[in-house]
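Here the structure comes first, spelled out in structure tokens, and everything after it is commentary.
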Amino acid sequence: MLSAFAGIVLATIIGPIGSETPHEPQLASSGSLVVMTFGAGNAVYFSRSQDSGRSFSMPVKVGDAPILPLTRHRGPRIVISGNAIVISAVMGRTPSQEQHAHGLPSDGDLMVWRSVDGGKSWSYGIVVNDVPGAPSEGLHALAASENGTLFATWLDKRGGHGTKLYGALSKDGGATWSKNVLIYESPEGTICECCHPSAAIAPTGEIEVMFRNCLGGLRDMYLSRSQDGTNFSRPEKLGTGAWYLNACPMDGGGLAVAGERTFTAWRRENKLFLAEPGQEEKEIGAGKDIAVATNGRRIYAIWSGMNGITLWESGKVAVLAKQGTYPTMSALPDGGMVAAWEQNGVIEIHLVNRN
């Protein structure tokens, strides 16, 4: 099972922050720098590695609020763009009785913090959404290019009639953000209400956004593109199959760009697929909560399955842990990758070397 890899090393364990359990880790990397964010209690934290994921610093708090949703991919996101590290999270203040019973905030704004000194200090959080409370579902994505362009996208409830997909662009490393733009509104009133979107920026500057739609009883994945962060293409359905489901699977998949190729990974029923736009999907395993990453030469996918946290690359599979939830990863320039997930009340970070 491990023949494709030179070694899988436990790099770091992030334990409880005081009495609070860490949740929803997210990773990003640039060269030998690997950065991580996660939530614990009502606060967002940051940790970094300067040795390609072999060791990580003690977590520091970036921001907090009375409510920080941390379930089913409702956690913070992190990117590196030039000399800026940027973290985003949806935070709220006052839960209503009904929403509190379901673990959801009744209000919430998409907040962004940035650091230009490697994570030693952080700016005050700024609000990205221009309609207060619109991203209260807590599900969003953040993408970055090397030249300071960032794009955020989120499930949006403005107008009070179904869930739409909105976004905003930054051209200065997350310091300021554009007016919000409508990416997609379903003709049937709502997109899938509880599946997180994904975003990526290609080397050409093209912005790509993936989301789960809701059309005719089908909960399938779609991809939309933009050259300017304002005008988006008509969404293209991914894969040839379909998922009839009168519910939300709360599982949004992953998106990665390598050169001129776009790779998407997502779930249909209990099966997991890898697909490029316009091509037939390829089944790669069974499970949920799949993520995908690339270093330009290799494509990795990671998910939570029956056998535990599972890693896929070029048809080869390795079980990294017998249990765990919400895996994430970032591919490294040398062909290896860093993976993190929740396990027994802690976050485990593993460095995977490549033969």
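The values are calculated or read from the model by the stated rules, or taken from the named source; none is laboratory data. All figures in this text were calculated on a predicted structure; none of them were measured in a lab. Note that we place each Cβ from the backbone using ideal geometry, even for glycine, and neighbour counts take in every protein chain shown.
Here is how the numbers come out for the structure above:
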| read-out | value |
| --- | --- |
| The stretch 115-144, subset β-branched (V, I, T) and loosely packed, with under 15 Cβ neighbours inside 10 Å, residue nearest to A43 (Cα to Cα) | V127 |
| Single residue of V34, V62, V90 found to be farther than 26 Å from V352 by Cα, in contact (Cβ under 8 Å) with a residue 60 or more places away in the chain and more than 14 Å from the chain's Cα centre (by Cα) | V62 |
| Residue among E206, E236 that alone is surrounded by fewer than 21 Cβ atoms within 10 Å (Cβ to Cβ), closer than 24 Å to K164 by Cα and touching a Pro at 6+ places or on another chain (Cβ under 7 Å) | E236 |
| Residue within the stretch 40-47 that is more than 14 Å from G119 (Cβ to Cβ), within 21 Å of the chain's Cα centre (by Cα) and of a type outside the set (G, A, S) present | yes |
| Count of residues meeting criterion [modelled with pLDDT of 90 or more and assigned to a loop (DSSP other than H, G, I, E, B)] in the stretch 78-99 | 2 |
| Those residues of the stretch 149-185 which are outside any strand (DSSP E or B) and touching a residue at least 60 places away in the same chain (Cβ under 8 Å), in sequence order | T149, G173, G174, A175, W177 |
| Counted residues, the stretch 239-269 - those being assigned to a loop (DSSP other than H, G, I, E, B) and within 13 Å of E283 (Cα to Cα) | 4 |
| Whichever residue in the stretch 286-304 is in contact with a Lys or Arg (Cβ under 8 Å, 6 or more places away or on another chain) and either surrounded by fewer than 20 Cβ atoms within 10 Å (Cβ to Cβ) or polar (S, T, N, Q) (or both) and, among such residues, is farthest from H350 (Cα to Cα) | A286 |
| The lone exception for S170 - which of (1) crowded, with 21+ Cβ neighbours inside 10 Å; (2) modelled with pLDDT under 95 it fails | (2) |
| Subset of the stretch 326-355 (residues that are out of contact with any Lys or Arg (no Cβ under 9 Å at 6 or more places or on another chain), of a type outside the set (A, V, I, L, M) and part of a strand (DSSP E or B)) | P327, T328, S330, W341, E342, Q343, E348, H350, N353 |
| Count - residues of the stretch 286-315 that are in a strand (DSSP E or B) and at negative phi | 19 |
| Qualifying residue in the stretch 234-250 (condition: within 27 Å of S145 (Cα to Cα), touching a Ser or Thr at 6+ places or on another chain (Cβ under 7 Å), among the aliphatic types (A, V, I, L, M) and at pLDDT below 95) | no |
| Top-ranked residue in the stretch 186-203 [being in a loop (DSSP other than H, G, I, E, B) and within 17 Å of the chain's Cα centre (by Cα); ranked as surrounded by the most Cβ atoms within 10 Å (Cβ to Cβ)] | C192 |
